[in-house]
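What follows is a short report on a single structure.
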Amino acid sequence: MPKPRRRLLFWMLGGLLVLAAGGLMVGCSLSAPRYQGPQSAHFNGKQFVNQGEVRAQDGLGPLLRWMLHRDKGPFPEQPNLPYGPKPPARVGRGQLRVTFVNHGTFLLQFDSLNVLTDPIWSERCSPFQWIGPRRLRPPGLHFDDLPPIDAVLISHNHYDHLDLPTLQRLFARDRPRVFAGLGVRALLEKEGIGGGVDMDWWQQQALRPGVQVQCVPAQHFSGRGLRDRDATLWAGYVLHTSAGRVYYAGDTGYGPFFGEIGRRAGPLELAILPIGAYRPQWFMQPIHVSPAEAVQALRDLGARRGVATHFGTFQMADDGRDEPVRDLRAALRRQQLPDSAFLVLPEGVGWQLPR
């Protein structure tokens, strides 16, 4: 084995040992509590499963193969980008205002409600703030400029989507309800975050009279440590608002459930779909849609318009900073769709759904 690859292998194994040691030092708190409940079509009594039994690449072998053959695109840091303008405190009935903050974080404002998706303001998405994927651009909004947050949607418990420091700040300030897949509430309560609501696929909860949040399937996996793989549920959400229905996919691979969501939870005015962290496809495809698959998902959903997410802040895979948007535009051209069919919003700038 060449010396650079040997050094990389030793570094990776050392990192795994650090992770394991860190878990022991904090009482194995890196692993999330396991869900306990009745079996279902996607819960076998111990672990959750995807539709069609699709699984993420498992075990150390595929991970080492990827890490030893990295082909990372350029992802230059942008540390001095300015924050966007302070959003309004509320918007009224029939209005929908969307602000892309970063990664999977959106501020959705409608019906005098403010909702955040997968909020992360931390510098790293990791159990430690000295190692792990580092923020390469600031959030689009300053945390202190956020309006009062009424609800948070958590797609799954990975560190880049369930960021405990951010949720703790939100809970201390606003006491929002936190909607998440089955089993996640126990982790929130353990970390002093109240307001957790566990949801199963296709369940609905009222945000207020006439406004609903519906949990829908996704294709992914869960886990925060060495002993909790697939122990809690991953999901997407559909918000039923007076301005139309808004779908947030969270983190997901491509599957037939997109068409099912469109049939059961539609019609959809807006579909917020991931476009990043898709290379190398042999490793990422079960859990992350490519830009081309995101365009196909938009069609499967029957949504009027798409909005891109999950790109541009953390380099979670081998695609570079600009690749996801470039490949999205190419996929739209192949499908003979205009760029306006799938929006790429600048971080921090609010966009209003046309009436």
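The values are calculated or read from the model by the stated rules, or taken from the named source; none is laboratory data. Here the structure is a predicted model, which means the values were calculated and not measured. Quick reminder, even Gly has a Cβ in these numbers, built from the backbone with ideal geometry, and neighbours come from all protein chains shown. These area figures cover heavy atoms from the full protein model, side chains too; ligands, DNA and RNA do not enter into them. Shrake-Rupley method; radii C 1.70, N 1.55, O 1.52, S 1.80 Å.
Each peptide in 40-46, 272-278 receives the mean, over its residues, of other Cβ atoms within 10 Å, and ordering these scores from highest gives 272-278, 40-46.
Semi-axes, largest first, in whole Å: what does sqrt of 5 times each Cα gyration tensor eigenvalue give for the range 232-352?
On the way: eigenvalues 89, 56, 41 Å².
Equivalent ellipsoid of the range 232-352: 21, 17, 14 Å, largest first.
Between LEU207 and GLN212, VAL213, the built amide H atoms are under 5 Å apart, and every one of these is 5 or more places off in sequence or on another chain. The alpha carbon centroids of the range 340-355 and the range 81-143 are separated by 14 Å. Scanning residues 5 or more positions from GLY236 or on other chains, those with amide H under 5 Å from its amide H are VAL216, ALA218, with H placed 1.01 Å from N in the peptide plane. What longest region of the chain stays clear of GluC sites (Glu not before Pro) that DSSP places outside H, G, I, E and B and that have at most 16 other Cβ atoms within 10 Å? Here the longest run is 192-355. For the range 251-319, the equivalent ellipsoid derived from the Cα gyration tensor has semi-axes of 22, 13, 8 Å, listed largest first.
At 0.36 nm per residue, minus the direct Cα-Cα distance, what do ARG134 and ARG264 gain on full extension? Give it in nm, one decimal, please. Present the calculation step by step, with values, prior to reporting the outcome.
Working: separation 130, 0.36 × 130 = 46.80 nm, distance 3.81 nm.
That works out to 43.0 nm of additional length.
Here, the range 68-113 yields an orientationally averaged convex hull projection of 5.4 nm² when only Cα atoms define the hull. For the chain, the fraction of C-alpha pairs more than 39 angstrom apart is 9%. A simple rule links phi to the HN-Hα coupling: the Karplus curve 6.51 cos²θ - 1.76 cosθ + 1.60 with θ = phi - 60°, which for the range 62-67 gives x, 4, 5, 4, 5, 5 Hz, with x for Gly and Pro. A DSSP coil position with no more than 13 other Cβ atoms inside 10 Å describes the following chymotrypsin sites (Phe, Trp or Tyr not before Pro) in the range 117-156: PHE128, TRP130.
Structural descriptor for the chain: relative contact order 19 percent, calculated from alpha carbon pairs under 8 angstrom and at least 6 residues apart.
The range 180-276: percent of C-alpha pairs farther apart than 21 Å? Looking at the range 180-276, the distances longer than 21 Å represent 36 percent of pairs. Here's the picture: charge each Lys and Arg Cβ at +1 and each Asp and Glu Cβ at -1 in the chain, and of LEU141, ASN114, THR232 the one pushed furthest to the positive end of that dipole is LEU141. Counted by Cβ distance under 11 Å from LEU337, the other residues give a net charge of +4, where Lys and Arg count +1 and Asp and Glu count -1. Modelled spin-label separation between TRP351 and ARG227, with each label point placed 7 Å from Cα along the Cα-to-Cβ direction: 4.4 nm. Of all accessible surface on the chain at a 1.4 Å probe, what whole percent is carbon and sulfur? On the chain, the fraction of accessible area on carbon and sulfur atoms equals 53 percent. For the range 153-258, the relative contact order works out to 26 percent when only alpha carbon pairs closer than 8 Å and six or more residues apart are counted.
Restricting the count to DSSP beta bridges whose residues both fall in the chain, what percent are antiparallel, rounded to a multiple of 5? Taking every DSSP beta bridge within the chain, about 60 percent pair in antiparallel fashion.
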